[in-house]
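The values are calculated or read from the model by the stated rules, or taken from the named source; none is laboratory data. Remember, it's a predicted structure, so these values are computed and weren't measured experimentally. Methodologically, a virtual Cβ is constructed for each residue, glycine included, from the backbone with ideal geometry; neighbour enumeration extends over all protein chains shown. With ligands, DNA and RNA removed, areas are computed over all heavy atoms of the protein, side chains included. Shrake-Rupley method; radii C 1.70, N 1.55, O 1.52, S 1.80 Å.
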Amino acid sequence: MQAMLVEREKPLRLTESLGVIVEKVAANQRITVEDAVMLYEDADLALLSQLANMVCGRINGSNIYFNKNFHIEPTNLCVYSCKFCSYHKAAGHPQSWVLSLEEIRELASRYKGSDVTEAHIVGGVHPKWNIDNYGEIISVVKQVLPEVHVKAFSAIELNYVFRKSGLSPREGFKRLKAHGLNSIPGGGAEIFDSGVRAKICPDKASAEEWLSIHEAAHLEGITSNATILYGHIETYRHRAEHMEAIRNLQDKTHGFSCFIPLKFRSANNPLSYLGEVSLLEDLKNYAVTRIFFDNIDHIKAYWPMLGIENTRLAIAFGADDIDGTIDDTTKIYSMAGAEEQKPAMTVEKLTQLIRESGKVPVERNSLYHAIKYY
Ligand code: V47
Ligand code: SF4
């Protein structure tokens, strides 16, 4: 793979610079923030798809992963008020909820005897809950489903409750591990740049806090995911610097399992006036993300956010994981206007989607070990 992949009509200097990046990727070398910005700004989709597929194929072959999972969203009350969020509601609002432990037990019981392997638990930051409330939620799920992997609580929920309970992050994780916590999801990262954060989520945990929660998780042997929220007011440089911070932490801890680009969905929130970026921008972003992370094996195209058709395309731009069956148990994206208003997919549908993309469907567990090849 040489610089000849680059379009001929581009000005010579630009072609040469893109050519250097192509050669780096072909030689399995790390690209820089500057390179990523250049790919965002100047590379065409055909080149991005080729490069992303090269990187993805090197790591994952033809495998595309999914899992059998369900979500529990204990509450959508939240002490914060992120401007992109369509999900949180004030107490007493007709669309607000707080699940009791009995309701959580009942929800988990629906999956008893099924072959679901993961419970994804995440919600708003309840103003009154302490570390014991979070621990009890995990315990209840583990009592009903002892074999199921519990991936629970974003760094935002954890940062708030650890502080409130006077625990360092590592002490907090020790407590939750004793209840059965296995890993943590990637939410709350948004964009790390403090100027952007001040505008879109001024009152919640900072980039440094998000990163230190994940570092502490990794040091306690708890793996985690990482996200980026793109397509609002950020620049390409903000995206690239955000990814660099995550890549740097991964060099230290090796605790991130996957990276998940989350597209800003604009319905029903104070940033609605921004609208949404195009599908082409989504595909470009999957590709640059895949090319950038030489130390995170998996890039997730989260189908309830993207829609099923677009997920198929994301696979052609470097994504190798499409999340799971979900079973209509999450409201975060339906409330923000996503096409999938009742997100649920059977294994047949997931595997068909992957096969139609010319890839091999692989059911995975939460640590990305293959359970079954379809
Ligand atoms: O942190 C909220 C995002 C996140 C909107 O780890 C929005 O496997 C777009 O982190 N438009 C929570 N995004 C969801 C999350 C997640 C999802 C799927 C899988 C995993 C995983 C994690 O959702 C929030 C925020 O970044 N979000 N509102 C919105 N209007
Ligand atoms: Fe709360 Fe999360 Fe919504 Fe922010 S994104 S307001 S932290 S529920």
Listed by chain and number, the residues whose amide H is under 5 Å from that of Asp294, excluding neighbours fewer than 5 places away on the same chain and using placed H, are none
Between Ala267 and Leu99, the two model label points (7 Å from Cα along the beta-carbon direction) sit apart by a distance in nm of 2.2
Stretched fully, the stretch from Asn365 through Ser206 gains (0.36 nm per residue minus C-alpha distance, one decimal, in nm) 54.2 nm
Quick tally, 1.4 Å probe accessible area for Asp44, Asp320, Asp203, Asp115, sorted with the most first, runs Asp115, Asp203, Asp44, Asp320
Filtering GluC sites (Glu not before Pro) in region 115-151 by DSSP loop and by at most 14 other Cβ atoms within 10 Å leaves Glu147
Amide H neighbours of Val98 at under 5 Å, excluding residues fewer than 5 places away on the same chain, with H built from the backbone geometry, are none
Taking a crude spin-label model, label points 7 Å out from Cα along the C-beta direction, the Thr235 to Arg175 distance in nm is 4.2
Under 5 Å from the placed amide H of Thr227, counting only residues 5+ away or on other chains, we find Ala189, Ile260
Residue-normalised value, i.e. accessible area per residue, for the chain at 1.4 Å probe, in Å², stands at 39
One finds, for Lys199 and Lys372 with R0 = 51 angstrom and r their Cβ-Cβ distance, a FRET efficiency to the nearest 0.05 of 0.70
Helix-only [θ] at 222 nm, the chain, -39500 (n - 2.57) per DSSP H run of 4+, per residue, nearest 500, equals -13000 deg cm²/dmol
Rounded to the nearest 5, the percent of antiparallel DSSP beta bridges in the chain equals 15
The extension gain from Glu136 to Ser114, computed as 0.36 nm times the residue separation minus the Cα-Cα distance, is 5.6 nm
Residue by residue through region 31-48, the couplings from Karplus 6.51 cos²θ - 1.76 cosθ + 1.60 with θ = phi - 60°, in Hz, x for Gly and Pro, are 9, 8, 4, 4, 4, 4, 4, 5, 4, 4, 7, 10, 7, 8, 5, 5, 5, 4
Once Asn295 and Lys342 are pulled to full extension, the length gained, defined as 0.36 nm per residue separation minus their Cα-Cα distance, is 13.5 nm
Site Lys252, offset 7 angstrom along Cα→Cβ, radius 20 Å on amide nitrogen, limited to region 172-197, gives 172-174, 184-194
Whole-percent carbon and sulfur contribution to the accessible surface of the chain (1.4 Å, no ligands, DNA or RNA) stands at 52
Computed over the chain: longest principal axis from alpha-carbon atoms vs helix 155-164 long axis, angle to nearest 10 degrees, is 40
